[in-house]
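Have a look at the structure below before the remarks.
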Amino acid sequence: MGTIGFIGLGIMGKPMAKNLLNAGYSLIVYDINKPAVDEICSCGAKYAVSSAEVAKMADEIIITMLPNSCHVQDVVAGKNGILETGKAGQILIDMSSISPIISKELGGKLAEIGITMIDAPVSGGQEKAVSGTLAIMVGGDKSAFDKVLPVMEKMGATVTLVGELGAGNITKLVNQIIVGINISAVAEGMSLAKKAGVDPRRVFEAIRKGLAGSQCMEDKAPRMFEGNYEPGFRVNLHIKDLWNVLETSRALCGSVPLTAQVLEMMIVLANDGHENLDHGSLGLYYEKLNNTSLKG
Ligand code: NAD
């Protein structure tokens, strides 16, 4: 497989890169944050001074794990980007959660110089990035997918090819819609219970195994009762994903009224200074709305 390029060594990228090193792959890495690069190099990776140098030094595979569309655009098509030095036959696996519209746009530009792009965003958070058990949702060419599958399996417990390029990020947006609305529903229901003088913890026990039960409820309801909003998945990242939902839906003339509502709620949370709390802090939004506390 030769040397793999890895760009973006943040909360998620760093442990993912470490898992590849532990599996025996050689890596050439780049991040604008030098301490993150130093940490990965102390684990055996080599470093590059730009994304262009990563593309030049990497053999077949380059992986990106960046915050949003504009960062991936910069790394691929900006100054000192992958397009400047990338080689025909390479495969770019973008594992960032970005707009599927941008995935397709960048995939087209890369194809002009013979690079195949696949989009492969993840679900699972830092903990699963560390344990190498992420859920990876992939869009792209099947033969490119088959080639890079063994590499992705070192980072994820499940790796699912959903469709063409862009389908990975569409899947991630669907995930973020369902999670955001689900958490809001839990917070809304529990705050009604509290307002009515019924213990939300007892409500949770009564309904968790029924149809209303969900992984979201299991994870977030106890946090709301404890007032524990340590991330987890931060409100500002979820806002970014829901903006991408709206942009994608509007481009298709689609309608996502519940997502728009949850986005508004998350923006209020962020404006209240909670942008770095876990998205379960939608509980705080409802506490303010109803002048009540879910704790107790
Ligand atoms: P992060 O902000 O911790 O890391 C991003 C890294 O990219 C940083 O180290 C930053 O310095 C680097 N970077 C930014 N611009 C760059 C550039 N132009 N060139 C080189 N490096 C650059 O973000 P994260 O939490 O690791 O998330 C990465 C992606 O994964 C996001 O799209 C996020 O939505 C998604 N995601 C995150 C989580 C989570 O729990 N954190 C869970 C699932 C998916």
Residue within segment 91-100 that is assigned to a helix (DSSP H, G or I) and away from the ligand (no atom under 12 Å from the Cβ) present: yes
Residues of segment 238-266 satisfying the condition of being within 14 Å of the ligand (Cβ to nearest atom) and free of Cβ contacts under 8 Å to residues at least 24 places away in the same chain: 243
Residues that are within 13 Å of the ligand (Cβ to nearest atom) and more than 16 Å from residue 119 (Cα to Cα), drawn from segment 78-90: 78, 79, 80, 81
Test result for residue 227, surrounded by 14 or more Cβ atoms within 10 Å (Cβ to Cβ) and at positive phi: yes
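Residue by residue, here is whether (1) aliphatic (A, V, I, L, M); (2) near the ligand (Cβ under 9 Å from one of its atoms); (3) assigned to a helix (DSSP H, G or I) holds:
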residue: 9; (1), (2), (3): yes, yes, no
residue: 14; (1), (2), (3): no, yes, yes
residue: 19; (1), (2), (3): no, no, yes
residue: 32; (1), (2), (3): yes, yes, no
residue: 35; (1), (2), (3): no, no, yes
residue: 38; (1), (2), (3): no, no, yes
residue: 44; (1), (2), (3): no, no, no
residue: 63; (1), (2), (3): yes, no, no
Residue within segment 60-82 that is open to solvent by 10 Å² or more (accessible area, probe 1.4 Å), polar (S, T, N, Q), in contact with a strand residue (DSSP E or B) (Cβ under 8 Å, 6 or more places away or on another chain) and modelled with pLDDT of 95 or more present: no
Number of the exception - residue 144 against (1) within 14 Å of the ligand (Cβ to nearest atom); (2) open to solvent by less than 20 Å² (accessible area, probe 1.4 Å): (1)
Residues satisfying the stated conditions in segment 39-59, i.e. open to solvent by 40 Å² or more (accessible area, probe 1.4 Å) and not hydrophobic (A, V, I, L, M, F, W, C): 39, 42, 44, 46, 47, 53, 56, 59
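The values are calculated or read from the model by the stated rules, or taken from the named source; none is laboratory data. What you are looking at is a predicted structure, and each value in this text was computed from that prediction instead of being measured. Neighbour counts run over all protein chains shown; Cβ positions are idealised from the backbone, glycine included. Each accessible area value is taken on the protein alone, full model and side chains, heavy atoms only, with ligands, DNA and RNA left out. Shrake-Rupley method; radii C 1.70, N 1.55, O 1.52, S 1.80 Å.
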